[in-house]
Amino acid sequence: MSAPSHTAPASGKFRPKRVWAWCQRNANIVFGGFLVGLIVLAAIFAPLIAGADPYAQNLTATLLPPSWEHPFGTDDNGRDIFARVIYGAQISLLEVFLSVGIATAVGVPLGIIAGMAGRLVDEVIMWVMDVLFAFPGIVLAILIVSILGPSLFNLMIAIALFAIPIYARLSRNITLGLKRMEFIEAATALGVPQWRILVNYILRNSVGPIIVQSTLTAGTVILSAASLSFLGLGAQPPMPEWGAMMSQGRNYLGVNIWMSLFPGLAIMITVLGFNILGDGLRDLLDPRK
């Protein structure tokens, strides 16, 4: 009688206990990802979730409190606040992706060049970054939008501009640390082209910190965009941008608090989600762990 065969479990088998243990160890990623995921889903499926046109006015139903028909009430033009908040998620995520994308696309190459090119180039690039850092971010954004004119696109350009030095300094510091490593010196000694060293060694090892910084910067972008729109320098009515909605609702706080409350809660949840997710990613990608 032959002995029973013992087959090893498949490596790709789903193990709930292992997943649960990972979630416990990375609670910040799970909770932050959940909050951000809600906002992303709201933005993607806004036409299905909102149930109303965010621009449709009904002057016979203005400043209504929350109800089954209007879960968040209506504003001074009779527009459904719930629909406007849901569609506002699309605008906020667009602000994050474009502003952070522009800042990363400009700042990271500048930082890598500053770290690799030598002292003179490094000093010139960092001097420009220091000049940008000398201005408070929101003040610099107000100045830029005032010059270019109030619009959503100019708002994103302004926010990206004051975020560029963050990525330039981060990538420069990473580059300065990596180029002294033995594998970089070995690649240089073997005659590996400079561009391959930059791409395969410097940039590849910078991806983790850049992702973490991008997630943390997203919260700042949303707050800055909402602040500028609140001041009338960003998205213009009737666009359902959260900061602009809060600005419009401040005139009716004594009559209808919902106009400012729900957009403010949406900003808080989104910023909280990105910040917690960023903290979790930082812990997860920390090489010391």
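The values are calculated or read from the model by the stated rules, or taken from the named source; none is laboratory data. Note that the coordinates shown come from a computational prediction; the quantities given were computed from them, not determined experimentally. Using ideal geometry, Cβ is built from the backbone for each residue, glycine included, and neighbour counts are taken over all protein chains shown. Only protein heavy atoms, including side chains, enter the accessible area calculation; ligands, DNA and RNA are left aside. Shrake-Rupley method; radii C 1.70, N 1.55, O 1.52, S 1.80 Å.
The single residue among V36, V40, V19 that is within 22 Å of F97 (Cα to Cα) and out of contact with any Phe, Trp or Tyr (no Cβ under 8 Å at 6 or more places or on another chain) turns out to be V40.
Assessment of the stretch 254-262 against the conditions (polar (S, T, N, Q) and not in a helix (DSSP H, G or I)) yields at least one matching residue.
The residues on offer are D80, D76, and the sole one that is surrounded by 15 or more Cβ atoms within 10 Å (Cβ to Cβ), touching a Phe, Trp or Tyr at 6+ places or on another chain (Cβ under 9 Å) and modelled with pLDDT under 95 is D76. Taking the stretch 224-246 as the range and being open to solvent by 20 Å² or more (accessible area, probe 1.4 Å) and either β-branched (V, I, T) or part of a helix (DSSP H, G or I) (or both) as the test, the residues that pass are S227, F230, M246.
Only one residue in R250, R204, R196 is surrounded by fewer than 22 Cβ atoms within 10 Å (Cβ to Cβ), free of Cβ contacts under 8 Å to residues at least 12 places away in the same chain, closer than 30 Å to L64 by Cβ and not aromatic (F, W, Y), so which one is that? Answer to the selection: R250.
For the stretch 12-23, the criterion of a residue being under 30 Å from W242 (Cβ atoms), open to solvent by less than 80 Å² (accessible area, probe 1.4 Å), at pLDDT below 95 and small (G, A, S) is satisfied by no position.
Working only within the stretch 39-71, note down all residues that are of a type in the set (A, V, I, L, M, F, W, C), in a loop (DSSP other than H, G, I, E, B) and either modelled with pLDDT of 95 or more or open to solvent by 60 Å² or more (accessible area, probe 1.4 Å) (or both). Give the steps one after another, and end with the answer.
Step one: list which residues in the stretch 39-71 are of a type in the set (A, V, I, L, M, F, W, C), which gives 39-46, 48-50, 52, 56, 59, 61, 63-64, 68.
Still in the running and in a loop (DSSP other than H, G, I, E, B): 45, 52, 56, 59, 61, 63-64, 68.
Those that are of a type in the set (A, V, I, L, M, F, W, C), in a loop (DSSP other than H, G, I, E, B) and either modelled with pLDDT of 95 or more or open to solvent by 60 Å² or more (accessible area, probe 1.4 Å) (or both): F45, L59, L64, W68.
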